[in-house]
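Heads up, the thing below is written out as structure tokens.
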Amino acid sequence: MHLSMWTYPWDIQDQGLDAFAAELDGRAGLNTVSLATSYHAGRFLQPRSPRQKAYFPEDGTVYFRPDDRLWQDKAIRPLMAGNVNERGDMLEVLVKGREATGLKVSCWTVCLHNSRLGMLHPDHVTRNAFGNPNYYNLCPSSPAARDYAVTLVRDITTNYRPDMVELESPNFMGFAHEYHHEKDGVPVEGARGTVARFIAELCERAVPERQFPDFPAAGIDAFRDHPELHAYLTWRSESVTGLIGEIKAAADPATRIVLIDLKDGWLGGVDLAAVGKFCDGAILCCYDMEPDAVGDVIRTGRAAIGPGKFLGVGLRVFYPEVSGPAVLAARAKAAVDAGADGVNFYNYGLIPAKRLDWVKTAIDAIT
């Protein structure tokens with residue numbers, strides 16, 4: 001069973017590799033580390049770090065050494081984080097140290113959520129219904145953005161050979177993000193106008209009013225009475241599915257490629273049943289859900305992705321969302337009982353050390 005914890009390189013560097021491996025394997029009972037290899041900006045509380053209690057990572061950088069030969073002719077290229085030169089290539093260390101640490105290596109890879117690259121390449125970001133650029137989201141329909149995501153995973157898998165790559169944000173981020181370079185046969189302008197009208201009407205009301213009673217439960221069918229918008233949302237999922245297929249085709253076949261997604265993945269243009277035909281599986285994040293809801297998400301995900309694909313669950317270890325080890329164990333057990341093949345826990349550096357014992361309680365409940 002895949003049992004992992006999402007982890008930032010600086011957290012391993014702060015604790016030291018030996019101490020980190022002992023905590024994940026011995027204390028928490030895990031067998032894999034999901035290392036952030038491409039990530040966005042943020043501000044992170046570091047309860048365990050002996051060096052700093054707040055960390056501000058560089059925006060939109062990668063935590064490995066890109067292969068210049070693969071990137072020479074690319075319009076959009078990655079920037080290596082200064083951390084790699086300053087403190088070492090943790091991906092290389094973990095991959096080469098798999099036998100010594102006993103930990104498999106999965107690459108937690110943010111694909112298109114990148115404000116730094118969006119600002120540099122505004123012609124390749126998604127736009128809202130009013131034509132405003134979403135600088136934080138490279139567009140899955142942009143050839144240059146697609147080439148960036150495909151080459152990113154190709155680089156990681158061919159040069160480092162991790163056990164798995166977890167794709168975060170190879171999609172449209174949020175509802176009604178759209179692409180400003182129109183495609184023939186796709187009613188983008190009609191969809192744009194419809195959504196712009198919805199938003200404009202909302203902004204005029206003193207009190208918000210629910211416009212679609214079956215949203216989001218009905219998925220894109222909530223908009224069936226608006227044919228151009230419905231057709232656009234259908235087309236959008238084809239773009240995401242195609243991109244994930246291209247990523248898998250270009251990756252080293254020895255590395256499993258899985259998607260990180262949410263309960264209502266269609267909001268970002270993900271059709272899980274279609275995606276499952278092109279990649280090796282998915283991790284469905286079930287944050288702040290009761291066990292019954294976790295089980296429902298995993299059963300629905302299994303039905304969509306099929307019996308032969310990897311299906312994991314993502315669980316946070318944050319308080320008060322998780323009030324104690326029994327709560328975390330119940331959620332993990334509900335997922336595995338519903339058909340999950342593994343669990344990813346969030347996040348090593350963001351929780352106190354004692355909560356690793358909560359993770360171990362959850363692992364004991366499912367193994």
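A few notes on this one:
- Within straight-line cross-link reach of LYS277, aspartates and glutamates at Cα separation under 13 Å, skipping those fewer than 8 residues along the same chain: GLU238, GLU246
- Rounded FRET efficiency, nearest 0.05, which uses the C-beta distance separating ASN85 from GLU238 and R0 of 45 Å: 0.65
- With Cα atoms, 0 to 90° folded angle of helix 355-366 axis to the chain main axis: 80
- Charge dipole magnitude, Cβ of K and R +1, D and E -1 - the chain, Cα centre, debye nearest 20: 620
- Computed extension length for GLU290-ASP73: 73.3 nm, one decimal, from 0.36 nm per residue of separation with the Cα-Cα distance subtracted.
- Among the trypsin sites (Lys or Arg not before Pro) in the range 306-367, those located in a DSSP loop and surrounded by at most 12 other Cβ atoms within 10 Å of their own Cβ are LYS354.
- Here each label is just a point 7 Å from Cα along the line to Cβ, and for VAL207 and ALA273 those points are 4.0 nm apart.
- Taking a straight Cα-Cα cut-off under 24 Å and skipping sequence neighbours fewer than 8 places away in the same chain, the lysines within cross-link reach of LYS333 are LYS104, LYS263, LYS309, LYS354, LYS360.
- Acute angle (nearest 10 degrees) that the helix 227-250 long axis makes with the longest principal axis of the chain, alpha-carbon atoms: 40
- By the helix-only formula, in which each DSSP H run with n ≥ 4 contributes -39500 (n - 2.57) and the sum is divided by residues, the chain has a 222 nm mean residue ellipticity of -11500 deg cm²/dmol.
- Looking at the chain alone, DSSP beta bridges between its own residues are antiparallel in about 20 percent of cases.
- If you plug the beta carbon distance of ALA196 and TYR319 into 1/(1 + (r/R0)^6) with R0 = 45 Å, you get a FRET efficiency near 0.65.
- Between ALA353 and ALA254, full extension at 0.36 nm per residue minus the direct alpha carbon distance yields a gain of 32.3 nm.
- Between helix 188-204 and the chain: long-axis angle, C-alpha atoms, 0 to 90°, nearest 10: 80
- Centre separation in Å (Cα based) which lies between the range 1-74 and the range 131-177: 19
- Stretch gain in nm, segment LYS53-ALA19, where the contour uses 0.36 nm per residue and the Cα spacing is subtracted: 10.4 nm
- Longest exposed-site-free window of the chain, the sites being GluC sites (Glu not before Pro) in a DSSP loop that have at most 14 other C-beta atoms within 10 Å: 1-181
- Cα-based shape type of the range 1-152, given that a ≥ b ≥ c are square roots of the gyration tensor eigenvalues and the cut on a/c is 1.5: prolate
- The residues of the range 29-133 expose on average 45 square angstrom of accessible surface per residue, using a 1.4 Å probe on protein heavy atoms.
- Counting only protein heavy atoms and a probe of 1.4 Å, the accessible surface of the chain is 53% carbon and sulfur.
The values are calculated or read from the model by the stated rules, or taken from the named source; none is laboratory data. Only a predicted model underlies this, so the values are computations on that prediction, with no experimental measurement involved. Please note: Cβ atoms are built from the backbone with ideal geometry, for glycine as well, and neighbour counts cover all protein chains shown. Accessible surface is based on the protein model in full, side chains and every heavy atom, while ligands, DNA and RNA are left aside. Shrake-Rupley method; radii C 1.70, N 1.55, O 1.52, S 1.80 Å.
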